[in-house]
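In what follows, a single structure is set out as structure tokens and then discussed.
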Amino acid sequence: MRKYEFLYRLDSALESFSKSEREEIIHYYEELIQDAIDNGENEIAFIEKLGSIDKIVRTIKKDDDFVDNVKEKKNFELKQTFDKGVKVLGQLLYIVAIIFIVGFGISITVVGVNGVVAGLINLIATLDARLTVPANLYYIGYTLLHVGLALFGIAFIISLTQGAKTKLELLYEKLTELFNKGGK
Amino acid sequence: MDPQLKKGFLELLVLATLKFKSSYGYKIIQDISQVFEISESTLYPILKRLEAQGLVTTYTEEHQTRLRKYYEITDEGRIKLVESQTDFEEIKKIYQYILRKED
């Protein structure tokens, strides 16, 4: 096969490639063959050495994925920033949820403390009034129940806020990182 | 040689041929062939790879009434070559282990 026949056949085999890439490949082989001829090599023998056109196209196709991957790496960085944004949003939602739940915990505690105080006052009142035993028992039970409620509320708040501090620190870190990246 | 290993070495070999002077396709193959087997069809994807990674750049120059594409190593390419020295030390250690004899 002579140079022009080879290039023509190669070009036809590169149909699935973009126009610019096709031209680039053709130019590469055209230059290679011409340089070989200029260097005193036999045209037909050199082209034979290049191997089948099928194999040439396969070799290029196999490697195209890699070049695409490198290009995608740039998109990847963009995606990473986006992912970080989503993470920050998630953490913000977490903090809001924490605030609501802590509010719930505080209400339980307040109800509990309020009940303890009310129960004690009523207990003293019943003692003062020298009422029957069941009434005293009722207020003792009432007070103890609210002590439990208040303790539950306090424990609830403590257990929740323990993780929140690290979460807040993490959020702060992520935010500064995001802004630093955006500022670049 | 293992194809993946070969690919990695060929990238380095191309960079090494461009270390002192820019070169073109045919010449690169001739230079590398002195130390390692390389075919014309394998060089093209390697050059594209190196270009995509920013390790080489290209420019076109006129040569005897026709245009010739030259490949030039970038600073990143030079860094890659220097880094390969550390790889060499590691590979040496790996092979010392692979080929070790029973005590």
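The table for this structure:
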{"item": "Degrees between helix B:75-98 axis and first principal axis of chain B (Cα, 0 to 90, nearest 10)", "result": "30"}
{"item": "Net charge of Cβ neighbours under 15 Å - reference B:F88; Lys, Arg +1; Asp, Glu -1", "result": "-2"}
{"item": "Anisotropy class of region A:75-181 from Cα gyration tensor, a/c 1.5 cut", "result": "prolate"}
{"item": "Spacing of the two label points (7 Å from each Cα toward its C-beta) at A:E48 and B:K69, in nm", "result": "2.8"}
{"item": "Net +/- balance of residues flanking A:L50 in space, Cβ distance below 14 Å, scoring K and R +1, D and E -1", "result": "-3"}
{"item": "Loop-resident sites, region B:31-103, for trypsin sites (Lys or Arg not before Pro), counting at most 11 other Cβ within 10 Å (DSSP)", "result": "B:R100, B:K101"}
{"item": "Debye, to nearest 20: dipole size of the protein assembly as shown, +1 on Lys, Arg Cβ, -1 on Asp, Glu Cβ", "result": "1260"}
{"item": "Under Karplus coefficients 6.51, -1.76 and 1.60, residue-wise ³J(HN,Hα) of region A:5-21 in Hz, glycine/proline x", "result": "5, 4, 5, 5, 5, 4, 4, 5, 6, 9, 3, 6, 8, 5, 4, 5, 5"}
{"item": "Shielding of B:39-52 by partner chains, average beta-carbon count, 10 Å", "result": "6"}
{"item": "Computed [θ] at 222 nm, helices only, for chain A once each DSSP H run of length n ≥ 4 contributes -39500 (n - 2.57)", "result": "-32500 deg cm²/dmol"}
{"item": "Full-extension gain in nm, A:F82 to A:N39, via 0.36 nm per residue minus C-alpha separation", "result": "10.1 nm"}
{"item": "Spherically averaged projected area of chain B from its Cα convex hull (nm²)", "result": "7.8"}
{"item": "Max mean-square fluctuation residue, GNM over chain B, Cα-Cα springs under 10 Å, options B:E72, B:E40, B:E11", "result": "B:E40"}
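A short reminder: the numbers here are calculations on the coordinates, not readings from a lab. Since this is a predicted model, take the numbers as computed values, not measurements. Please note: Cβ atoms are built from the backbone with ideal geometry, for glycine as well, and neighbour counts cover all protein chains shown.
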